[in-house]
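The values are calculated or read from the model by the stated rules, or taken from the named source; none is laboratory data. Just so you know, these numbers come straight off a predicted model, no measurement behind them. Ideal geometry is used to build each Cβ from the backbone, glycine not excepted, and the neighbour counts take in all protein chains shown. Note: accessible area is taken over every heavy atom of the protein model, side chains too, but ligands, DNA and RNA are not part of it. Shrake-Rupley method; radii C 1.70, N 1.55, O 1.52, S 1.80 Å.
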Amino acid sequence: MKQHREHLRRMCLEHLDEVRPTWLSDAALEAFLRFAAFPSLNNQSLRRELDYLALRGLLKVRKEGGYWLLRLTAEGVDAVESAKTENLGDAFQSAAALPADELGALRAILDLALVDGWDVARFKRVASKLLAEGGDHA
């Protein structure tokens, strides 16, 4: 249950980071989260986690007309960026055990990822596809 809540919180922060600097309604965030990973999510559960994130100072909540409008704070942006950096570090550690040709391919992909500002999920998708195909393209 704790991992579920942490995953939900992380996805909330990441999606709010994607749409910043605009405000996003809790209804729009809920629709995205239901589609992406949490099909049984309800508004009460989402608001409980959003309230927790707001109490931690990671997002602002503005209540209007029955909706919650959401926006990351500077601390929330820092938390998302820090998590992305940590995930890339984990990817480097996993890559250390790969054969030299695969490691070289992953390094090339990572160079592209850093230059183009890829998120960790895109890096993992491209790297997995490349390794599965045995190719050398991104």
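Within the bounds of region 20-39, is there any residue that is within 14 Å of the chain's Cα centre (by Cα), touching a residue at least 40 places away in the same chain (Cβ under 8 Å) and surrounded by fewer than 17 Cβ atoms within 10 Å (Cβ to Cβ)?
yes
Keeping to region 61-74, report how many residues are loosely packed, with under 15 Cβ neighbours inside 10 Å and among the basic types (Lys, Arg).
2
In region 1-13, which residues are part of a helix (DSSP H, G or I), open to solvent by 80 Å² or more (accessible area, probe 1.4 Å) and without any contact (Cβ under 8 Å) to a residue 40 or more places away in the chain?
Correct list: Lys2, Gln3, His4, Glu6.
Just to verify a result, which residue in region 14-54, among those that are of a type in the set (Ser, Thr, Tyr) and not in a helix (DSSP H, G or I), is farthest from Ser82 (Cα to Cα)?
Ser40
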